[in-house]
Amino acid sequence: MLVIVLENAPPRLRGRMAIWLLEIRAGVYVGAYNRKIRDYLWQQVEEGLEDGNAVMAWQAAAEAGFDFVTLGANRRVPAEFDGAKLVSFLPPAVSEEAGE
Amino acid sequence: MSQPLPPLKPLPIKERLSVLFVERCQLDVLDGAFVAVDATGVRTHIPVGGVACLMLEPGVRVSHAACKLAAQVGTLLVWVGEAGVRLYSAGQPGGARADRLLYQARLALDEDARLKVVREMYRRRFGEEPPQKRSVEQLRGIEGARVRAMYQQLAQQYGVKWQARNYDREDWDQADIPNRCLSAATACLYGVTEAAVLAAGYAPAIGFIHSGKPLSFVYDVADVYKFETVVPVAFAVAGKPVHNVEREVRQRCRDMFRKTRLLERIIPDIETMLDAGGLDRPEAQGVVDAAFPEDEGLGDVGHRA
(Lines give C-alpha, C1' and ligand atoms only; values in the text may rest on other atoms or scores of the structure.)
Protein backbone atom coordinates (compact mmCIF):
# COMPACT_ATOMS: atom_id res chain seq x y z
CA MET A 1 0.00 0.00 0.00
CA LEU A 2 1.23 3.43 -0.93
CA VAL A 3 -0.24 6.91 -0.38
CA ILE A 4 0.99 10.18 -1.81
CA VAL A 5 -0.54 13.52 -0.81
CA LEU A 6 0.23 16.58 -2.91
CA GLU A 7 -0.56 20.13 -1.84
CA ASN A 8 -0.27 23.14 -4.08
CA ALA A 9 1.28 20.98 -6.81
CA PRO A 10 1.25 21.94 -10.50
CA PRO A 11 -1.47 20.25 -12.62
CA ARG A 12 1.03 18.33 -14.71
CA LEU A 13 2.41 16.58 -11.63
CA ARG A 14 -1.09 15.77 -10.45
CA GLY A 15 -1.87 14.34 -13.87
CA ARG A 16 1.36 12.38 -13.87
CA MET A 17 0.54 10.76 -10.51
CA ALA A 18 -2.86 9.69 -11.88
CA ILE A 19 -1.07 7.58 -14.48
CA TRP A 20 -0.26 5.00 -11.81
CA LEU A 21 -2.27 5.92 -8.74
CA LEU A 22 -5.89 6.53 -7.92
CA GLU A 23 -6.75 10.10 -6.87
CA ILE A 24 -9.30 9.36 -4.16
CA ARG A 25 -9.53 12.99 -2.96
CA ALA A 26 -8.00 16.16 -4.33
CA GLY A 27 -4.27 15.57 -4.18
CA VAL A 28 -4.54 12.23 -2.36
CA TYR A 29 -3.21 9.31 -4.39
CA VAL A 30 -3.23 5.62 -3.47
CA GLY A 31 -1.79 2.51 -5.02
CA ALA A 32 0.09 -0.69 -4.28
CA TYR A 33 3.58 -0.90 -5.71
CA ASN A 34 6.98 -2.19 -4.71
CA ARG A 35 9.98 -0.22 -3.54
CA LYS A 36 11.54 0.34 -6.92
CA ILE A 37 8.38 1.84 -8.30
CA ARG A 38 7.84 3.89 -5.15
CA ASP A 39 11.26 5.46 -5.66
CA TYR A 40 10.42 6.14 -9.28
CA LEU A 41 7.14 7.83 -8.30
CA TRP A 42 8.83 9.91 -5.61
CA GLN A 43 11.44 11.02 -8.12
CA GLN A 44 8.60 12.36 -10.27
CA VAL A 45 7.28 14.26 -7.24
CA GLU A 46 10.72 15.68 -6.45
CA GLU A 47 11.24 16.97 -9.93
CA GLY A 48 7.72 18.27 -10.53
CA LEU A 49 6.69 19.68 -7.16
CA GLU A 50 7.90 23.26 -7.69
CA ASP A 51 6.48 25.39 -4.80
CA GLY A 52 4.12 22.69 -3.55
CA ASN A 53 4.64 20.16 -0.81
CA ALA A 54 4.20 16.44 -0.65
CA VAL A 55 4.21 13.43 1.61
CA MET A 56 4.42 9.75 0.74
CA ALA A 57 3.57 6.94 3.16
CA TRP A 58 3.84 3.22 2.53
CA GLN A 59 3.55 -0.10 4.27
CA ALA A 60 6.95 -1.02 5.73
CA ALA A 61 8.62 -3.46 8.07
CA ALA A 62 9.12 -0.65 10.62
CA GLU A 63 7.56 -1.05 14.04
CA ALA A 64 4.76 1.28 13.11
CA GLY A 65 4.06 -0.88 10.08
CA PHE A 66 4.66 2.03 7.74
CA ASP A 67 7.18 4.72 6.86
CA PHE A 68 6.90 8.11 5.19
CA VAL A 69 8.90 10.90 3.57
CA THR A 70 8.05 14.55 2.99
CA LEU A 71 9.09 17.27 0.62
CA GLY A 72 8.50 21.03 0.59
CA ALA A 73 7.46 23.36 3.35
CA ASN A 74 4.55 22.33 5.55
CA ARG A 75 3.57 23.05 9.14
CA ARG A 76 3.61 19.35 9.76
CA VAL A 77 7.18 18.09 9.95
CA PRO A 78 8.53 14.62 10.69
CA ALA A 79 10.00 14.37 14.18
CA GLU A 80 12.00 11.62 15.79
CA PHE A 81 10.76 10.63 19.23
CA ASP A 82 12.82 8.00 20.97
CA GLY A 83 13.36 6.05 17.82
CA ALA A 84 9.80 6.43 16.64
CA LYS A 85 8.93 8.68 13.75
CA LEU A 86 6.14 11.11 14.60
CA VAL A 87 4.87 14.38 13.17
CA SER A 88 5.22 17.78 14.83
CA PHE A 89 2.75 20.53 14.01
CA LEU A 90 4.56 23.85 13.99
CA PRO A 91 2.88 27.03 15.30
CA PRO A 92 1.86 29.51 12.57
CA ALA A 93 4.70 31.99 13.19
CA VAL A 94 7.39 29.34 12.81
CA SER A 95 5.86 28.00 9.66
CA GLU A 96 5.78 31.50 8.14
CA GLU A 97 9.50 31.76 8.72
CA ALA A 98 9.80 28.34 7.16
CA GLY A 99 8.52 29.97 4.02
CA GLU A 100 4.79 29.21 3.97
CA MET B 1 9.12 27.46 -16.97
CA SER B 2 10.60 24.83 -14.75
CA GLN B 3 12.29 21.67 -15.94
CA PRO B 4 10.11 18.93 -17.39
CA LEU B 5 9.02 15.90 -15.37
CA PRO B 6 11.23 12.80 -15.60
CA PRO B 7 10.45 10.56 -18.59
CA LEU B 8 7.53 8.13 -18.39
CA LYS B 9 8.57 4.52 -18.08
CA PRO B 10 6.59 1.29 -18.19
CA LEU B 11 6.25 -0.65 -14.93
CA PRO B 12 6.73 -4.44 -14.86
CA ILE B 13 3.64 -6.46 -15.71
CA LYS B 14 3.71 -8.26 -12.37
CA GLU B 15 3.12 -4.99 -10.51
CA ARG B 16 -0.06 -4.27 -12.39
CA LEU B 17 -3.77 -4.91 -12.31
CA SER B 18 -4.62 -7.54 -14.96
CA VAL B 19 -7.40 -6.15 -17.11
CA LEU B 20 -9.68 -3.14 -17.08
CA PHE B 21 -12.72 -2.78 -19.35
CA VAL B 22 -14.03 0.57 -20.51
CA GLU B 23 -17.09 1.27 -22.60
CA ARG B 24 -18.98 4.16 -24.13
CA CYS B 25 -16.60 6.99 -23.41
CA GLN B 26 -13.94 9.20 -24.89
CA LEU B 27 -10.42 8.36 -23.78
CA ASP B 28 -8.18 11.36 -23.69
CA VAL B 29 -5.29 12.95 -21.86
CA LEU B 30 -5.80 15.69 -19.30
CA ASP B 31 -2.86 17.28 -17.48
CA GLY B 32 -0.84 14.32 -18.66
CA ALA B 33 -3.20 11.75 -17.14
CA PHE B 34 -5.36 9.18 -18.90
CA VAL B 35 -9.05 10.06 -18.55
CA ALA B 36 -12.31 8.49 -19.65
CA VAL B 37 -15.00 11.09 -20.29
CA ASP B 38 -18.58 9.82 -20.58
CA ALA B 39 -21.55 11.35 -22.37
CA THR B 40 -22.57 13.40 -19.33
CA GLY B 41 -19.10 14.91 -19.07
CA VAL B 42 -18.05 12.88 -16.04
CA ARG B 43 -14.30 12.36 -16.01
CA THR B 44 -12.73 9.20 -14.61
CA HIS B 45 -8.99 8.90 -14.23
CA ILE B 46 -7.66 5.56 -15.39
CA PRO B 47 -4.31 4.60 -13.86
CA VAL B 48 -3.27 3.27 -17.23
CA GLY B 49 0.33 2.65 -16.20
CA GLY B 50 -0.87 0.30 -13.47
CA VAL B 51 -2.91 -1.94 -15.77
CA ALA B 52 -1.52 -4.77 -17.92
CA CYS B 53 -4.06 -4.28 -20.68
CA LEU B 54 -6.98 -2.00 -21.23
CA MET B 55 -9.95 -3.61 -22.98
CA LEU B 56 -11.89 -1.15 -25.09
CA GLU B 57 -15.49 -2.12 -25.61
CA PRO B 58 -17.88 -0.74 -28.21
CA GLY B 59 -18.59 2.96 -27.99
CA VAL B 60 -15.07 3.95 -27.00
CA ARG B 61 -13.24 6.68 -28.84
CA VAL B 62 -9.53 7.11 -28.23
CA SER B 63 -7.56 10.24 -28.90
CA HIS B 64 -4.10 10.28 -30.43
CA ALA B 65 -2.66 11.58 -27.16
CA ALA B 66 -4.28 8.70 -25.22
CA CYS B 67 -2.76 6.09 -27.55
CA LYS B 68 0.61 7.73 -27.24
CA LEU B 69 0.39 7.73 -23.46
CA ALA B 70 -0.66 4.06 -23.37
CA ALA B 71 2.35 3.22 -25.52
CA GLN B 72 4.70 5.21 -23.30
CA VAL B 73 3.60 3.39 -20.17
CA GLY B 74 3.68 0.03 -21.97
CA THR B 75 -0.01 -0.74 -21.64
CA LEU B 76 -1.68 -2.90 -24.26
CA LEU B 77 -4.88 -1.51 -25.73
CA VAL B 78 -7.21 -4.26 -26.94
CA TRP B 79 -10.29 -3.43 -28.91
CA VAL B 80 -12.95 -5.96 -28.06
CA GLY B 81 -16.45 -6.40 -29.40
CA GLU B 82 -19.56 -7.10 -27.43
CA ALA B 83 -18.78 -9.78 -24.82
CA GLY B 84 -15.08 -9.79 -25.48
CA VAL B 85 -15.01 -10.90 -29.09
CA ARG B 86 -11.78 -9.38 -30.18
CA LEU B 87 -11.77 -6.97 -33.06
CA TYR B 88 -8.38 -5.38 -33.22
CA SER B 89 -5.49 -4.51 -31.00
CA ALA B 90 -2.48 -2.26 -30.76
CA GLY B 91 -1.16 0.26 -28.26
CA GLN B 92 1.92 -1.34 -26.82
CA PRO B 93 4.77 -1.43 -29.29
CA GLY B 94 6.16 -4.93 -29.53
CA GLY B 95 9.28 -6.29 -31.06
CA ALA B 96 11.66 -4.10 -29.09
CA ARG B 97 14.13 -6.92 -28.54
CA ALA B 98 15.72 -8.27 -31.70
CA ASP B 99 17.75 -10.84 -29.73
CA ARG B 100 14.62 -12.40 -28.24
CA LEU B 101 12.70 -12.35 -31.51
CA LEU B 102 15.56 -14.14 -33.26
CA TYR B 103 15.82 -16.66 -30.45
CA GLN B 104 12.09 -17.36 -30.58
CA ALA B 105 12.18 -17.70 -34.37
CA ARG B 106 15.15 -20.06 -34.18
CA LEU B 107 13.31 -22.27 -31.66
CA ALA B 108 10.19 -22.34 -33.82
CA LEU B 109 12.10 -23.18 -37.02
CA ASP B 110 14.22 -25.94 -35.50
CA GLU B 111 11.97 -29.04 -35.54
CA ASP B 112 13.77 -30.64 -32.62
CA ALA B 113 13.71 -27.51 -30.45
CA ARG B 114 10.11 -26.80 -31.35
CA LEU B 115 9.03 -30.27 -30.26
CA LYS B 116 10.84 -29.81 -26.96
CA VAL B 117 9.03 -26.53 -26.35
CA VAL B 118 5.69 -28.13 -27.25
CA ARG B 119 6.39 -31.02 -24.88
CA GLU B 120 7.19 -28.57 -22.08
CA MET B 121 3.94 -26.70 -22.74
CA TYR B 122 2.07 -30.02 -22.63
CA ARG B 123 3.80 -30.97 -19.38
CA ARG B 124 2.90 -27.69 -17.71
CA ARG B 125 -0.61 -27.78 -18.97
CA PHE B 126 -1.59 -31.30 -17.97
CA GLY B 127 0.86 -31.78 -15.12
CA GLU B 128 2.31 -34.92 -16.63
CA GLU B 129 4.88 -36.12 -19.13
CA PRO B 130 3.53 -36.25 -22.71
CA PRO B 131 3.75 -39.64 -24.44
CA GLN B 132 7.12 -40.38 -26.02
CA LYS B 133 7.92 -40.30 -29.72
CA ARG B 134 5.05 -38.10 -30.81
CA SER B 135 5.25 -35.35 -33.39
CA VAL B 136 3.90 -31.85 -32.77
CA GLU B 137 0.82 -32.78 -34.85
CA GLN B 138 0.21 -35.93 -32.82
CA LEU B 139 0.56 -34.04 -29.57
CA ARG B 140 -1.89 -31.48 -30.86
CA GLY B 141 -4.37 -34.28 -31.53
CA ILE B 142 -3.94 -35.75 -28.05
CA GLU B 143 -4.32 -32.29 -26.57
CA GLY B 144 -7.57 -31.68 -28.47
CA ALA B 145 -9.10 -34.86 -27.11
CA ARG B 146 -8.02 -34.08 -23.55
CA VAL B 147 -9.39 -30.56 -23.80
CA ARG B 148 -12.80 -31.81 -24.95
CA ALA B 149 -12.86 -34.22 -22.04
CA MET B 150 -11.93 -31.45 -19.61
CA TYR B 151 -14.72 -29.22 -20.89
CA GLN B 152 -17.14 -32.08 -20.44
CA GLN B 153 -15.92 -32.82 -16.94
CA LEU B 154 -15.99 -29.19 -15.77
CA ALA B 155 -19.43 -28.67 -17.28
CA GLN B 156 -20.68 -31.63 -15.30
CA GLN B 157 -19.01 -30.39 -12.14
CA TYR B 158 -20.74 -27.01 -12.37
CA GLY B 159 -24.03 -28.43 -13.60
CA VAL B 160 -23.83 -26.84 -17.03
CA LYS B 161 -25.41 -28.31 -20.15
CA TRP B 162 -22.50 -28.60 -22.54
CA GLN B 163 -22.50 -29.58 -26.19
CA ALA B 164 -19.29 -28.38 -27.74
CA ARG B 165 -17.01 -25.38 -27.92
CA ASN B 166 -18.46 -23.52 -30.88
CA TYR B 167 -19.45 -20.03 -31.72
CA ASP B 168 -20.30 -18.11 -34.80
CA ARG B 169 -18.35 -14.88 -35.02
CA GLU B 170 -20.97 -13.50 -37.37
CA ASP B 171 -23.88 -14.26 -35.10
CA TRP B 172 -22.80 -13.75 -31.56
CA ASP B 173 -26.19 -13.95 -29.88
CA GLN B 174 -26.74 -17.44 -31.24
CA ALA B 175 -24.02 -18.87 -28.99
CA ASP B 176 -25.25 -20.64 -25.88
CA ILE B 177 -24.52 -19.23 -22.43
CA PRO B 178 -21.56 -21.52 -21.62
CA ASN B 179 -19.89 -20.63 -24.91
CA ARG B 180 -20.47 -16.93 -24.36
CA CYS B 181 -18.97 -17.20 -20.88
CA LEU B 182 -15.97 -19.04 -22.26
CA SER B 183 -15.42 -16.46 -24.99
CA ALA B 184 -15.58 -13.59 -22.50
CA ALA B 185 -13.23 -15.42 -20.14
CA THR B 186 -10.65 -16.35 -22.76
CA ALA B 187 -10.66 -12.78 -24.08
CA CYS B 188 -9.44 -11.62 -20.65
CA LEU B 189 -6.76 -14.29 -20.56
CA TYR B 190 -5.58 -13.54 -24.10
CA GLY B 191 -5.33 -9.84 -23.32
CA VAL B 192 -3.15 -10.40 -20.28
CA THR B 193 -1.08 -13.02 -22.08
CA GLU B 194 -0.46 -10.81 -25.08
CA ALA B 195 0.62 -7.98 -22.79
CA ALA B 196 3.05 -10.39 -21.08
CA VAL B 197 4.41 -11.80 -24.34
CA LEU B 198 5.12 -8.30 -25.61
CA ALA B 199 6.57 -7.20 -22.27
CA ALA B 200 8.87 -10.22 -22.29
CA GLY B 201 10.12 -9.13 -25.70
CA TYR B 202 8.65 -11.91 -27.86
CA ALA B 203 6.47 -12.00 -30.97
CA PRO B 204 2.79 -12.93 -30.53
CA ALA B 205 2.64 -14.44 -34.03
CA ILE B 206 5.46 -17.01 -33.72
CA GLY B 207 3.72 -19.98 -32.11
CA PHE B 208 4.80 -23.54 -31.35
CA ILE B 209 1.56 -25.51 -31.03
CA HIS B 210 -0.58 -22.94 -32.80
CA SER B 211 0.61 -21.45 -36.03
CA GLY B 212 -0.51 -19.15 -38.79
CA LYS B 213 -2.42 -16.71 -36.61
CA PRO B 214 -1.43 -13.23 -35.48
CA LEU B 215 -1.61 -14.39 -31.85
CA SER B 216 -0.37 -17.99 -32.19
CA PHE B 217 2.18 -17.70 -29.39
CA VAL B 218 -0.38 -15.95 -27.18
CA TYR B 219 -2.73 -18.93 -27.61
CA ASP B 220 0.13 -21.34 -26.84
CA VAL B 221 0.96 -19.57 -23.59
CA ALA B 222 -2.64 -18.85 -22.59
CA ASP B 223 -3.56 -22.52 -23.02
CA VAL B 224 -1.13 -23.44 -20.27
CA TYR B 225 -3.25 -21.49 -17.77
CA LYS B 226 -6.66 -21.78 -19.36
CA PHE B 227 -8.04 -24.73 -17.41
CA GLU B 228 -6.52 -23.57 -14.18
CA THR B 229 -7.94 -20.06 -14.40
CA VAL B 230 -10.65 -18.93 -16.80
CA VAL B 231 -12.49 -22.13 -17.79
CA PRO B 232 -13.70 -22.95 -14.24
CA VAL B 233 -14.74 -19.31 -13.89
CA ALA B 234 -16.73 -19.44 -17.13
CA PHE B 235 -18.53 -22.64 -16.15
CA ALA B 236 -19.18 -21.40 -12.62
CA VAL B 237 -20.95 -18.34 -14.05
CA ALA B 238 -22.72 -20.34 -16.76
CA GLY B 239 -24.11 -22.68 -14.11
CA LYS B 240 -25.87 -19.90 -12.23
CA PRO B 241 -28.62 -17.49 -13.14
CA VAL B 242 -26.69 -14.26 -13.66
CA HIS B 243 -28.06 -11.17 -15.33
CA ASN B 244 -24.99 -9.92 -17.18
CA VAL B 245 -22.85 -12.99 -17.66
CA GLU B 246 -19.99 -11.33 -19.53
CA ARG B 247 -19.52 -8.75 -16.82
CA GLU B 248 -19.67 -11.36 -14.09
CA VAL B 249 -17.17 -13.53 -15.95
CA ARG B 250 -14.57 -10.84 -16.37
CA GLN B 251 -14.76 -9.72 -12.76
CA ARG B 252 -14.31 -13.25 -11.57
CA CYS B 253 -11.47 -13.76 -14.04
CA ARG B 254 -9.68 -10.80 -12.49
CA ASP B 255 -10.09 -12.35 -9.04
CA MET B 256 -8.82 -15.64 -10.41
CA PHE B 257 -5.73 -14.05 -11.97
CA ARG B 258 -4.99 -12.50 -8.62
CA LYS B 259 -5.56 -15.71 -6.71
CA THR B 260 -3.32 -17.73 -9.02
CA ARG B 261 -0.72 -14.92 -9.17
CA LEU B 262 -0.83 -15.18 -12.92
CA LEU B 263 0.88 -11.89 -13.64
CA GLU B 264 3.86 -12.79 -11.50
CA ARG B 265 4.24 -16.22 -13.03
CA ILE B 266 3.61 -15.65 -16.68
CA ILE B 267 6.87 -14.05 -17.86
CA PRO B 268 9.18 -16.43 -15.93
CA ASP B 269 7.06 -19.31 -17.26
CA ILE B 270 7.44 -18.11 -20.85
CA GLU B 271 11.21 -18.10 -20.35
CA THR B 272 11.19 -21.63 -18.90
CA MET B 273 9.06 -22.96 -21.74
CA LEU B 274 11.41 -21.51 -24.35
CA ASP B 275 14.46 -22.70 -22.41
CA ALA B 276 13.11 -26.24 -22.78
CA GLY B 277 13.95 -25.96 -26.48
CA GLY B 278 17.57 -26.44 -25.48
CA LEU B 279 19.06 -23.72 -27.68
CA ASP B 280 21.49 -21.26 -26.17
CA ARG B 281 19.98 -17.93 -25.30
CA PRO B 282 21.50 -15.25 -27.46
CA GLU B 283 23.99 -12.89 -25.92
CA ALA B 284 22.33 -9.52 -25.75
CA GLN B 285 25.53 -7.79 -26.75
CA GLY B 286 26.02 -7.15 -30.40
CA VAL B 287 22.40 -7.85 -31.25
CA VAL B 288 20.49 -5.07 -29.58
CA ASP B 289 23.22 -2.47 -29.42
CA ALA B 290 21.85 0.67 -30.96
CA ALA B 291 23.53 3.77 -32.30
CA PHE B 292 22.77 5.42 -28.98
CA PRO B 293 22.49 3.63 -25.65
CA GLU B 294 19.01 3.00 -24.28
CA ASP B 295 18.00 4.10 -20.81
CA GLU B 296 17.64 1.42 -18.20
CA GLY B 297 13.89 1.03 -17.62
CA LEU B 298 11.87 -0.20 -14.68
CA GLY B 299 9.67 -2.33 -16.90
CA ASP B 300 10.07 -5.78 -18.39
CA VAL B 301 12.73 -6.39 -21.03
CA GLY B 302 10.32 -6.00 -23.94
CA HIS B 303 9.18 -2.60 -22.75
CA ARG B 304 10.70 0.34 -24.51
CA ALA B 305 12.33 2.45 -21.85
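The values are calculated or read from the model by the stated rules, or taken from the named source; none is laboratory data. These numbers were taken from a predicted model, which means no experiment stands behind them. Cβ: placed from backbone, ideal geometry, glycine included. Neighbour counts: every protein chain shown. SASA here: full protein model, heavy atoms, side chains in, ligands and nucleic acids out. Shrake-Rupley method; radii C 1.70, N 1.55, O 1.52, S 1.80 Å.
Before moving on, here are some points about what is shown:
- Tally of residues being out of contact with any Leu (no Cβ under 6 Å at 6 or more places or on another chain), under 25 Å from residue B:300 (Cβ atoms) and at the interface with another protein chain (Cβ under 7 Å from one of its Cβ atoms) across the range A:16-35: 6
- Every residue from the range B:113-128 that is open to solvent by 10 Å² or more (accessible area, probe 1.4 Å) and either of a type outside the set (Gly, Ala, Ser) or modelled with pLDDT of 95 or more (or both): B:114, B:115, B:116, B:119, B:120, B:122, B:123, B:124, B:125, B:126, B:128
- Here residue A:7 does not fit the description of being among the charged types (D, E, K, R) and facing another protein chain (nearest Cβ under 7 Å).
- Unique match (being within 14 Å of chain A (Cβ to nearest Cβ), under 26 Å from residue B:300 (Cα atoms), of a type in the set (A, V, I, L, M, F, W, C) and outside any strand (DSSP E or B)) among B:20, B:11: B:11
- Long-range neighbours under 7 Å by Cβ, at least six apart or interchain, first residue in contact (Cβ under 8 Å) with a residue 40 or more places away in the chain within the range A:9-26, second open to solvent by 20 Å² or more (accessible area, probe 1.4 Å): A:10/A:50
Residues are listed down the side, and each one gets a yes or a no for (1) in contact with an Asp or Glu (Cβ under 8 Å, 6 or more places away or on another chain); (2) open to solvent by less than 10 Å² (accessible area, probe 1.4 Å); (3) farther than 27 Å from residue B:12 by Cβ; (4) not aliphatic (A, V, I, L, M):
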site: B:180; (1), (2), (3), (4): yes, no, yes, yes
site: B:228; (1), (2), (3), (4): no, no, no, yes
site: B:237; (1), (2), (3), (4): yes, yes, yes, no
site: B:251; (1), (2), (3), (4): no, no, no, yes
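- Residue list for the range B:36-45, filter: open to solvent by less than 70 Å² (accessible area, probe 1.4 Å), in contact with a strand residue (DSSP E or B) (Cβ under 8 Å, 6 or more places away or on another chain) and more than 8 Å from chain A (Cβ to nearest Cβ): B:36, B:37, B:38
- Residue in the range B:229-241 that is modelled with pLDDT under 95 and under 15 Å from residue B:187 (Cα atoms) present: no
- Taking the range A:36-59 as the range and being of a type in the set (Phe, Trp, Tyr) and either more than 11 Å from chain B (Cβ to nearest Cβ) or more than 18 Å from residue A:74 (Cα to Cα) (or both) as the test, the residues that pass are A:40, A:58.
- Applying the set (1) at the interface with chain A (Cβ under 10 Å from one of its Cβ atoms); (2) part of a strand (DSSP E or B); (3) surrounded by fewer than 17 Cβ atoms within 10 Å (Cβ to Cβ) to residue B:61 leaves exactly one unmet item: (1).
- Leading residue by the ranking (farthest from the other protein chains (Cβ to nearest Cβ)) among those in the range A:73-85 that are part of a loop (DSSP other than H, G, I, E, B) and within 12 Å of the chain's Cα centre (by Cα): A:74
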